[in-house]
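Structure first, then comments.
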Amino acid sequence: MSQPIYVIGHKRPDSDSICAAISLANLKRELGENAVAARLGHLNPETQFILNKVGVKPPILLTTAKNSLEEIEIDEAILINRMETLRYGWDLLLDNDAKTIYVVDDEGNFSGIVTLAEISKIQMQDLNKTKELLKDTPTMNLRDVVHGKILYEGNRKKSGEVRISDKKMMDRDLTGAIMVLNDHEDNMIKAMAKGAAVIIIAEDFVPNDYIFEMAKSMGVTLISTPYNLMKIIQMIYRSIPVEFIMTPKEDAIMFHPSEYTEDVEREMLKTRHSSYPVVEGKRIVGSVARYNLLKAEKKKFILVDHNESKQSIDDRDKGEVLEIVDHHRIGDIETDKPIVYRNMIVGSSCTIVAMMYNEYGITMPDKIARLILYAMISDTMNFHSPTCTQTDKLVAAKIEMDYGLDTDKMAEELFKATATIEGKEFKNILYNDCKEFTFQDLKANISQVFLFDYKEVDKIEPEFTAYMESEIANTKLDLWIMAFTNVEGKGSRFIAVGPLAERLKDAIVQFEEKGFVSRKKQIVPGVAAALR
C-alpha cells in the first residue's frame, strides 16, 4: 500500500493555506502524483464560507506525521472458526506460509490466537493432556480429520482415550474410548460390549447390519474412513477444536488500527510472537508483524504557506518533506536530502500555486480558480495589503479574465459574511490566527483578526484585555499582541499584555497611527525595532 503525498498548510490554518493545499494537491494529481490535501487544524469561518461557496470539501485532518497501523500495509488475518479442527488450522498455516491464525466465534468476533507451534505441540504432548481435549471434541471433527462419513451417530460420552485392537483389548477398560479398527467385525462387537463410545473403521469398510443394530442399541458412533489404521491414529489428535488450545483474546497482545507504529513496536519488543492481531471493536481487521513496521514508508509531505517547525505538523521528524511552497521568511525546517523549495515575495501562497499551473501548461478547473482567487483576496485584503505585489495583481487579473470573475464583488461578499467578531467567544478571537515569534530571547504571540467596524472592539475591550492577561499568565510568553485589523486595509487596533507590554506602549500607538495591517511586513518588524 503506497501512502499518498499529503499537501499541508500550517497549524491554525487560514484561507490561503487551506486553498493552497487543495489547489496544489489537485495540480500534483494532474501531474500523476498521488497527492491528498490535508489540514492541521479546524477551519475558520472565512475558510468554511469559501469552501461552501465554491462547493469543495475540506481537506482531511492530520494531527501527526507519525504512522498509525491503519496507514501502513499490514497482513490479512487468517481466520478460523473456533470449532474447526487443528488439522484444518494446520493446513491453513501451511497454505498461507504463516505461523499464526486467528480464531473467531460463530458471529465472526475475534476470540483468540493459535500458532503453528501450539498445534505442533499437541502431537508431542502427554497423552493424558490430549485425552482431556479429545473428551469434548465433537463427532463432526473426528469425521472431518479422517475424511470419513458418519455411519451412525450415537450418544455415548467419550473418555478421550484412543485405542486399537490388540491381544489385551478384552482386559482393558474401554469405557468411552475412541476405537480405531480394521474390518474385523468381532473386534467391533467386543469394543462396543466393553463400553467404547466411537469406532472409526479403516479403509472404507462398512460393517454388517448386526453391527449397526448393536451400535444403535448401545449409542455407539460408527465412522468409516478411507485411511489406514496408522493414518487414522495420526489424524485423531488433530480433530481437537482450535478453541481448546487457543490463547484467548483476554490474554492476547493486540493492537487497534489507530495506534502509532512506534508504540506498537515498543510493545512488540517485550515479547517474541511472530505476529499480532489488529482489532477494531470485536472484529479483527488484520495481522501485524515486525517486518510490517520495518518496511513501512514514512509519511510524505508538501508544505504550503509555511516553513517553520513550530507552525508545521507535530512529529515532523517522523515524516519526510518533499517540497515547500511558501511566501514567508525562510524558517528552520531542515531535510535529509535536497527538495523542491519555492519561496517568492508575493502576498499569497495561492499566487505561487496559480503560477505553477501556468508553468506546467495545466488549466485550472473552475472551482480551483475560484478557490485561489478567494484566498488571494483574503491574504492581500483584496490587494490593498502592504504584502501585496504587482505579481499578485497580474495573476488575479488573468484569473478574472479567463474565468469571468470579479474580485471586488467576491471580496465584498466574503468580507461582509465573515469579517466580524460579533458573538464570537474570546478564545476563538485570540487563538484563531495566532502565531509565535522570538525576538532575541523574548517570546511573543501575535494574534490577528479582521473586521469591518471598530465599534465591535469598543464593546469588548476591557473584558478581552482581562482574558488575554489570564491566558498569558499560564504561559512563558513575554508579550501577547492582539491586532484587530480593518478588512479593507485601513489600519488596526491593538491590545498588548505581558511583561513587555508597558515597554511597547509608545510603539503600539505608532502602529495605530501609521495604519499597520500586515503582521509579517509591519507589526513583527515594528516590535523587533522597538525591543532593540
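The values are calculated or read from the model by the stated rules, or taken from the named source; none is laboratory data. A quick note: this is a predicted structure, and the numbers were derived from the prediction, not measured. Every residue, glycine as well, gets a Cβ built from its backbone with ideal geometry; the counts of neighbours run over all protein chains shown. To get the accessible areas, we keep the full protein, side chains included, count just its heavy atoms, and leave off ligands, DNA and RNA. Shrake-Rupley method; radii C 1.70, N 1.55, O 1.52, S 1.80 Å.
For the pair HIS42 and SER470, what calculated FRET efficiency results from E = 1/(1 + (r/R0)^6), where r is the Cβ-Cβ distance and R0 = 25 Å, to the nearest 0.05? Can you show the working numbers first?
Numbers: r = 23 Å, r/R0 = 0.90.
Approximately 0.65, to the nearest 0.05.
The range 240-291: which trypsin sites (Lys or Arg not before Pro) are DSSP loop and have at most 14 other beta-carbon atoms within 10 angstrom? Intermediate values should be presented prior to the final figure.
Working: sites: LYS249, ARG266, LYS270, ARG272, LYS282, ARG283, ARG290; in loops: LYS270, ARG272, LYS282.
Filter output for the range 240-291: LYS270, ARG272, LYS282.
Just flag the GluC sites (Glu not before Pro) in the range 36-81 sitting in loop per DSSP whose Cβ has no more than 11 other Cβ atoms within 10 Å.
Values: sites: GLU46, GLU70, GLU71, GLU73, GLU76; in loops: GLU73, GLU76.
When the GluC sites (Glu not before Pro) of the range 36-81 are filtered for loop state and at most 11 Cβ neighbours within 10 Å, GLU76 remain.
What part of the accessible area of the chain, given as a whole %, is carbon or sulfur when the probe is 1.4 angstrom? Don't skip to the end; give the middle numbers.
On the way: 12480 of 25630 Å².
Result for the chain: 49 percent of the exposed heavy-atom area is carbon or sulfur.
Classify the range 442-532 from the C-alpha gyration tensor, please: rounded if a/c falls under 1.5, else prolate or oblate depending on whether a/b exceeds b/c.
Details: a/c = 1.88, a/b = 1.15, b/c = 1.64.
In terms of gyration-tensor shape, oblate.
Stretched out fully, how many nm does the piece from THR63 to LYS129 gain, at 0.36 nm a residue minus the Cα gap?
Difference between extended and current length: 18.6 nm.
Just subtract the alpha-carbon distance of GLU259 and ARG329 from 0.36 nm times their residue separation and send over the number in nm, one decimal. Please list the in-between numbers first.
Working: separation 70, 0.36 × 70 = 25.20 nm, distance 3.58 nm.
Full extension of this stretch gives 21.6 nm more.
Which length gain, in nm to one decimal place, applies between LEU294 and ASP171 when the Cα-Cα distance is subtracted from 0.36 nm times their residue separation?
Numbers: separation 123, 0.36 × 123 = 44.28 nm, distance 6.13 nm.
Contour length minus Cα-Cα distance gives 38.1 nm.
What FRET efficiency comes out for the pair ARG283/MET401, r = Cβ-Cβ distance, R0 = 51 Å, nearest 0.05?
On the way: r = 55 Å, r/R0 = 1.08.
FRET efficiency, ARG283 to MET401: 0.40.
Whole-Hz Karplus ³J(HN,Hα) for the range 243-254, in order, using 6.51 cos²θ - 1.76 cosθ + 1.60 and θ = phi - 60°, x for Gly and Pro?
Those phi angles translate into 4, 5, 10, 5, 7, x, 4, 4, 9, 8, 8, 9 Hz.
Estimate the FRET efficiency between LEU79 and MET140 by the formula 1/(1 + (r/R0)^6), using the beta-carbon distance for r and 25 Å for R0, to the nearest 0.05. Please report the intermediate quantities before stating the final value.
On the way: r = 19 Å, r/R0 = 0.77.
According to the calculation, E is roughly 0.85.
With each pseudo-label sitting 7 Å past Cα toward Cβ, what's the GLU512-LEU269 distance in nm, one decimal?
5.7 nm
For ALA37, what is the net charge nearby, where nearby means another residue's Cβ is under 12 Å from its Cβ and Lys, Arg count +1, Asp, Glu -1?
Details: positive: LYS28, ARG29, ARG39, LYS57; negative: none.
It works out to a net charge of +4.
What distance in nm separates the two pseudo spin-label positions at GLU359 and ASP95, each 7 Å out from Cα along the beta-carbon direction?
Reported label-point gap for GLU359 and ASP95 is 5.5 nm.
Each residue of the range 159-167 in turn: what ³J(HN,Hα) in whole Hz from Karplus with 6.51, -1.76, 1.60 and θ = phi - 60°, glycine and Pro shown as x?
Here the 3J(HN,Hα) series is 8, x, 6, 10, 10, 10, 6, 8, 5 Hz.
Within the range 165-202, which trypsin sites (Lys or Arg not before Pro) sit in a loop by DSSP and count at most 10 neighbouring Cβ atoms inside 10 Å?
Details: sites: LYS167, LYS168, ARG172, LYS190, LYS194; in loops: LYS167, LYS168, ARG172, LYS194.
For trypsin sites (Lys or Arg not before Pro) across the range 165-202 that sit outside H, G, I, E and B with at most 10 neighbouring Cβ atoms in 10 Å, the list reads LYS167, LYS168.
So if I take the alpha carbon set of the chain, get Rg, then get Rh from the Kirkwood formula, what is the Rg over Rh ratio?
Details: Rg = 37.0 Å, Rh = 29.0 Å.
Here Rg/Rh amounts to 1.28.
Structure shown: which of LYS300/LYS435; LYS28/LYS299; LYS443/LYS505; LYS367/LYS416; LYS298/LYS393 lie over 28 Å apart, alpha-carbon to alpha-carbon?
Values: LYS300/LYS435 25 Å; LYS28/LYS299 16 Å; LYS443/LYS505 17 Å; LYS367/LYS416 21 Å; LYS298/LYS393 39 Å.
Correct reply: LYS298/LYS393.
Say each of GLU412 and PHE212 gets a label point 7 Å from the Cα, pointing the same way as Cα to Cβ; how far apart are those two points in nm?
Output for this residue pair reads 9.8 nm.
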